[in-house]
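To start, the structure under review is shown below, and the notes come after it.
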Amino acid sequence: MNIRQAEPRDAAAVADIWNHIIRDTAATFSTLEKTEADLIADFAAKRAEGKAFLVAEEAGEVTGFATYFQFRGGPGYRHTMEHTIHIAPRARGCGLGRDLMAAIEDHARAAGVHSLFAGVSGDNPSGVGFHAALGYREIARLPEVGRKFDRWMDLVLMQKIL
């Protein structure tokens with residue numbers, strides 16, 4: 001497995017992984033699918049900002065990705081980031097998520113990030129467990145702040161001090 005910065009050629013594969021999560025799961029509250037053009041722009045913006053948009057590649061195929069972005073606007077939050085990580089269904093359960101998280105945390109730490117957040121859907125207990133196993137601590141549960149599939153869902157905020 002190779003973990004590297006995303007390149008424009010990865011946009012279709014990242015879109016396939018992410019759009020499946022958006023369409024078919026409650027792991028994200030978003031209902032807006034990602035386009036290749038939007039992802040290519042995001043890859044470039046992350047590079048320009050000194051942030052990472054990493055992909056995991058196995059046998060020439062993108063099987064997961066992770067990225068991070070400022071948790072809230074304004075200069076006072078410049079050392080606090082939130083991350084996103086998604087793994088293709090066929091690649092789950094073999095350590096890829098742990099490897100991607102280690103890489104994104106290493107990159108964030110080197111960029112001066114002090115605190116990394118995960119916003120996990122309350123309807124995604126495996127996501128909560130995954131982050132807890134990596135040392136993230138649940139610091140808040142915001143009841144019924146997300147709505148998808150005609151129901152209200154909780155948001156679990158988890159934090160790790162890097």
Connecting every pair of Cα atoms under 10 Å apart in the chain and solving the GNM, the largest mean-square fluctuation among Glu58, Glu49, Glu105 falls on Glu49
The long-range amide H neighbours of Gly64, using H built 1.01 Å from N in the peptide plane and a cut-off of under 5 Å, are Ala56, Ala88
Ranked by GNM mean-square fluctuation in the chain (Cα springs under 10 Å), the top entry among Ala133, Ala103, Ala44 is Ala133
Expressed as a whole-number percentage, the relative contact order of the chain with C-alpha contacts under 8 angstrom and at least six residues apart is 20 percent
Expected max-MSF residue from Val14, Val55, Val145 in the GNM of the chain (alpha carbon, under 10 Å) is Val145
For the chain, the dipole about the Cα centre with charges only on Cβ (Lys and Arg +1, Asp and Glu -1), to the nearest 20 debye, works out at 460 debye
When the charge dipole of the chain is computed with +1 on Lys and Arg Cβ and -1 on Asp and Glu Cβ about the Cα centre, the Cα farthest towards its positive end, among Val120, Ala91, Ile40, belongs to Val120
Percent of all alpha-carbon pairs of the chain at distances over 21 Å, whole number, is 46 percent
For segment 1-84, whose charge dipole is built from +1 on Lys and Arg Cβ atoms and -1 on Asp and Glu Cβ atoms, the candidate among Thr31, Pro8, Gln70 with its Cα farthest towards the positive end is Gln70
Taking alpha-carbon centroids only, segment 85-162 lies from segment 10-36 a number of Å equal to 16 Å
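Where does the chain land at 222 nm, in deg cm²/dmol rounded to the nearest 500, when only DSSP H runs of n ≥ 4 count, each adding -39500 (n - 2.57), divided by all residues?
-10000 deg cm²/dmol
None of the figures in this text is laboratory data; all of them are computed from the coordinates on show. Remember, predicted model here, so these are calculated numbers, not experimental data. Methodologically, a virtual Cβ is constructed for each residue, glycine included, from the backbone with ideal geometry; neighbour enumeration extends over all protein chains shown.
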